[in-house]
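**Student:** Okay, here's the structure, questions in a sec.
Every number in this text was worked out from the coordinates using simple rules, so none of it is lab data. Keep in mind the model is a prediction, meaning the values are calculated, not measured. Note that we place each Cβ from the backbone using ideal geometry, even for glycine, and neighbour counts take in every protein chain shown.
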Amino acid sequence: MSQPTVPVRVYRNLVEAVVTALPEIFENQRVAERVVDYQFRRNPKWGARDRAFVADAIYEIVRWQRLLIAAAGRDDNWALLAAHLVRRGIGLPAWEEFANLDAAEINRRLADDALPLAIRQSVPDWLAVPPLPEWADRWAAELTAQNGPAPVTLRVNTLKATLDEAATRLLVEGIDTDLVPGAPSALRLVQRRALGRSAAFQSGLVEVQDAGSQLIAPALRVEPGMHVIDGCAGAGGKTLHLAGRLRNYGKIWALDIGQERLTELRRRAARAGAIGIRTGLADVATRQQLHGWADRLLLDVPCSGTGTLRRQPDIKNRLTPQYIAQFGEVQRMILREYPAMVKPGGLIVYATCSLLPQEGEAVVRERLETSADLELLEEHRTWTAESDFDGFYYAVLRKRI
């Protein structure tokens, strides 16, 4: 798993920034992306290579923590960093902090195929066990894929451009893209780059959205003129996708428990040229106001995010059965209460970006077994190992007449 050793100069100030950042993630449970951004703001004189070194070290140490501990033979942050450098093929400087750490021995341990799956893929022991017997043959490959690189995928805003038009506009800016089989509105960047200053992005032609996430809105089968509710809208990625599929002819209520996210949704909707969207807090009063209003209801429920570990490796630090169970309570409540907003005969999509059946299939089964008002039309899972999409589950349900 390590690379051949190459002569790369390691700068102490960069290494110390990494070592300082790690406790914020491991001990204080801060989000890795925010910790990295904080280090960048603190060190505005860093060049692109410096920033890349620090970001790579932080993310990869977080991603491979258990493996690096096993390889180093100790679990302090300097040892984690040493194992990371060896894994990257970078020679260890002759520093006091790296004393008694043998690069050759670290390399041998990194390559040890006899290590348990949980150590090799740096996940909790319980997550290394296939959650369903029928998933046994694919589970190890899925955990491996969740530690791999994640592509940058765009969704073309069909309110403003066709796929070809958006690809051409991006190419004019020097941004090359490929089509994504299985995701008809998606373009994938050939090379990673920041999009914040892209004219195509700023003008709302494209949004950053994983291809797996792009499968959710089409599953709701909306048609122009319909009343649609996005019941867990967040910052609105799927809301905007729904607006495009309505062709701006229809009405959307976007609900969430966080006002800041709804503010961001309204900003994004303006950029995308999406009209007919109202926002509101997902409280009891709003749900009562919308009782029986919707033809379609999207429930992209809060979840563990285990289908996005390759993008958010710090999620691993929070993964316990108790943590998963907390989400289960919220998920069951949402699927129990929110369908009251749907007309008889209307459709509901329940979706999660989780690999775990206790957040997906089991929640849907329990709802169907405890009440006869819904029927299951379709279920679907995306597997990162098979599709290179993030891991998603969705179920299409119909409210009985």
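**Student:** So, counting K/R as plus one and D/E as minus one, what does the shell of residues with Cβ under 12 Å around residue 392 add up to?
**Tutor:** Summing Lys and Arg as +1 and Asp and Glu as -1 gives -3.
**Student:** Skipping prolines and chain starts, which residues have an amide H placed within reach, meaning under 5 Å, of the one on residue 374, given they are 5 or more residues away or on another chain?
**Tutor:** Counting only residues 5 or more places away or on other chains, the set is 400.
**Student:** Would you mind telling me the antiparallel percentage of the DSSP bridges in the chain, rounded to 5?
**Tutor:** About 55 percent, rounded to the nearest 5.
**Student:** Just one of (i) 20.7; (ii) 19.7; (iii) 18.0 is mean projected area of the Cα convex hull in nm² calculated from these coordinates, so which is it?
**Tutor:** (i)
**Student:** Rank-order 343-350, 286-293, 77-84, 130-137 by packing density, defined as the average count of other C-beta atoms within 10 Å over each peptide's residues, highest first.
**Tutor:** Result, highest mean first: 77-84, 343-350, 286-293, 130-137.
**Student:** Please list the non-local residues whose amide H lies under 5 Å from the amide H of residue 279, H modeled 1.01 Å from N, same-chain partners needing a gap of 5 or more.
**Tutor:** Here 254 satisfy the definition.
**Student:** Separate question: Take the alpha carbon gyration tensor of the range 123-260, find the square roots of its eigenvalues, order them as a ≥ b ≥ c, and report rounded if a/c is under 1.5; if not, report prolate when a/b exceeds b/c, else oblate.
**Tutor:** Oblate, because a/c is 1.5 or more while a/b does not exceed b/c.
**Student:** Once phi is turned into θ = phi - 60°, what whole-Hz ³J(HN,Hα) does the Karplus curve with 6.51, -1.76 and 1.60 give for every residue of the range 339-346, x standing for Gly and Pro?
**Tutor:** So the Karplus estimates, Gly and Pro as x, are x, 4, 7, 9, 5, x, x, x Hz.
**Student:** For the range 12-115, what does the alpha-carbon gyration tensor say about shape, rounded, prolate or oblate, given a ≥ b ≥ c as the root eigenvalues, a/c under 1.5 as rounded, and a/b over b/c as prolate?
**Tutor:** It comes out prolate by the Cα gyration axes.
**Student:** Provide the gained length on full extension for the span residue 9 to residue 373, in nm with one decimal, where the gain is 0.36 nm per separating residue minus the Cα-Cα distance.
**Tutor:** Here the segment from residue 9 to residue 373 would lengthen by 124.6 nm.
**Student:** What spacing in nm lies between the two simple spin-label points modelled at residue 191 and residue 283, each 7 Å away from Cα in the Cβ direction?
**Tutor:** 5.1
**Student:** Starting from 0.36 nm per residue, how many nanometres of slack lie between residue 326 and residue 31 once their C-alpha separation is accounted for?
**Tutor:** Net length gain for the segment: 104.3 nm.
**Student:** Sort 222-235, 372-385 by packing, meaning the average of other beta carbons within 10 Å per residue, with the highest value first.
**Tutor:** In decreasing order of mean packing, 222-235, 372-385 become 222-235, 372-385.
**Student:** Whole-Hz Karplus ³J(HN,Hα) for the range 291-305, in order, using 6.51 cos²θ - 1.76 cosθ + 1.60 and θ = phi - 60°, x for Gly and Pro?
**Tutor:** 4, x, 8, 8, 7, 9, 9, 9, 10, 8, 6, x, 8, 5, x
**Student:** Using a Förster distance of 35 angstrom, determine the FRET efficiency expected from the C-beta separation of residue 40 and residue 340, and round it to 0.05.
**Tutor:** Efficiency, rounded to the nearest 0.05: 0.15.
**Student:** Still on this model: In square nanometres, what is the average projected area of the Cα convex hull of the range 215-399?
**Tutor:** 10.3
**Student:** Right, here's the next one. Residue 165 label point, 7 Å along Cα→Cβ, cut-off 17 Å on backbone N: hits in the range 261-288?
**Tutor:** 271-275
**Student:** Take the alpha-carbon centre of the range 278-345, take the same for the range 351-400, and report the distance between them in whole Å.
**Tutor:** 12
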